[in-house]
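The values are calculated or read from the model by the stated rules, or taken from the named source; none is laboratory data. This one's a predicted model, so the numbers in the text were calculated from it and none came from an experiment. Virtual Cβ from ideal backbone geometry, glycine too; neighbours counted across all protein chains shown. Note: areas computed on protein heavy atoms with side chains; ligands, DNA, RNA excluded. Shrake-Rupley method; radii C 1.70, N 1.55, O 1.52, S 1.80 Å.
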Amino acid sequence: MRGKMPVTATAVAVAAGVVAAGWPVVVAPAADKGPSTRTVLAGTLGDRRWETPKPGSYTVPKPAPDGLPAVLSRIETQDKVVFLTIDDGYEYDPEFVRLVRAEKVPILTFLTTTYVKGQGQYFWALRNAGSQMENHTVGHPNMAQLAPEAQKKQICDASATIETAYGRRPTMFRPPFGSYNETTRKMAGECGIKSILLWSAEFYNGTSGPGVGFNGFARGDGGKGFKPGDIVLMHYRKGLAEQFRTILGWIREQGYRPAAVENYLPRSLGGNAPDPAPAKP
Ligand SMILES: [Zn+2]
């Protein structure tokens, strides 16, 4: 990362009057009694900031004309940045957390809440390493095959669980298998989701991809290597730390750097960037 380094979690933890070993144990959502200590603390710890892109260096994604969550699979930019997104949450590799912290790499996590049950502290540590926790459903179904109410339950319940555990309600949704329909967008919107984040390339870390083999890399457009603004899909799988080192190596070899996609999305789409001023009449 160039530019301003994020505040270290340790420094923030000290400022917040806690020690790193004292990360709260994540429990099942309780009845609504107002913000818990954990939620307040999470707000305090949410100060980690990744580099923000220069205005004009990219095209700010626009809201969808129909007012439902926008669907994005890459960011339009000439800058050699890529966005690393990691899904599911089935494997818990402590070395990966250490690596993300040491290398200060922005990543974005899409959690499937049933997969992470009992692993709250692992993802809390990743959250403190700068990864927002976004929504990848409760149980990883094929959304396009579900009735509206079932879709809504998958999204809203996951958002509620993530908000309780990590102190921030998800604003981005990634449908399992990239499968969604217009009902998904509508239901996601009703659950507070602002954008549906797909991907433009996949790193088949710890598995084999069609035609690219084990630990293969495939672009959606069939090309090779990275392109500016790629959103890269990965998964929490066995051996993630080593696989992460591999992709960081590729990114650097090709002259790219990882960036935080949430800083490229305007607030209306669930990110941190200002919305462009409306066009003058
Ligand atoms: Zn998934």
Go through the stretch 56-101 and report how many residues are open to solvent by less than 60 Å² (accessible area, probe 1.4 Å) and away from the ligand (no atom under 16 Å from the Cβ). 21
Out of the residues in the stretch 186-206 that are outside any loop (DSSP other than H, G, I, E, B) and open to solvent by less than 20 Å² (accessible area, probe 1.4 Å), state the one that is nearest to Asn272 (Cα to Cα). Ser195
Of the residues in the stretch 116-127 that are free of Cβ contacts under 8 Å to residues at least 40 places away in the same chain and surrounded by fewer than 19 Cβ atoms within 10 Å (Cβ to Cβ), the one that is farthest from Val261 (Cα to Cα) is Gly118
Among the residues in the stretch 149-164, are any more than 19 Å from Gly270 (Cβ to Cβ), within 16 Å of the ligand (Cβ to nearest atom) and open to solvent by less than 40 Å² (accessible area, probe 1.4 Å)? no
Name every residue in the stretch 128-148 that is small (Gly, Ala, Ser), surrounded by fewer than 19 Cβ atoms within 10 Å (Cβ to Cβ) and away from the ligand (no atom under 16 Å from the Cβ), in order of residue number. Ala147
Quick one: in the stretch 102-117, of everything that is under 24 Å from Thr164 (Cα atoms) and hydrophobic (A, V, I, L, M, F, W, C), which residue is farthest from the ligand (Cβ to nearest atom)? Ile107
Could you grab me the full set of residues in the stretch 57-97 that are at positive phi and not in a strand (DSSP E or B)? Gly67, Gly89
Within the stretch 227-242, residues more than 16 Å from the ligand (Cβ to nearest atom), touching a strand residue (DSSP E or B) at 6+ places or on another chain (Cβ under 9 Å) and open to solvent by 10 Å² or more (accessible area, probe 1.4 Å) come out as Lys227, Pro228
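Within the stretch 145-165, can one find any residue that is assigned to a loop (DSSP other than H, G, I, E, B), closer than 26 Å to Val97 by Cα and without any contact (Cβ under 8 Å) to a residue 40 or more places away in the chain?
For the stretch 145-165, residues assigned to a loop (DSSP other than H, G, I, E, B), closer than 26 Å to Val97 by Cα and without any contact (Cβ under 8 Å) to a residue 40 or more places away in the chain: absent.
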Cross-chain or 6+ apart pairs with Cβ under 6 Å, the stretch 168-186 first and closer than 14 Å to Ala150 by Cα and polar (S, T, N, Q), then modelled with pLDDT of 95 or more and surrounded by fewer than 23 Cβ atoms within 10 Å (Cβ to Cβ): Asn181/Ala144; Thr183/Pro148
Filtering the stretch 102-111 down to residues that are open to solvent by 30 Å² or more (accessible area, probe 1.4 Å) and either among the aliphatic types (A, V, I, L, M) or at negative phi (or both) yields Ala102, Glu103
Asp32 passes all but one of (1) of a type in the set (Asp, Glu); (2) more than 18 Å from the chain's Cα centre (by Cα); (3) at pLDDT 90 or above; which number fails? (3)
Selection from the stretch 65-106 of residues under 15 Å from Gly271 (Cβ atoms) and aliphatic (A, V, I, L, M) yields Ala70, Val71, Leu72, Ile75, Val81
Just need a number here: residues in the stretch 98-129 that are in a loop (DSSP other than H, G, I, E, B) and aliphatic (A, V, I, L, M). 3
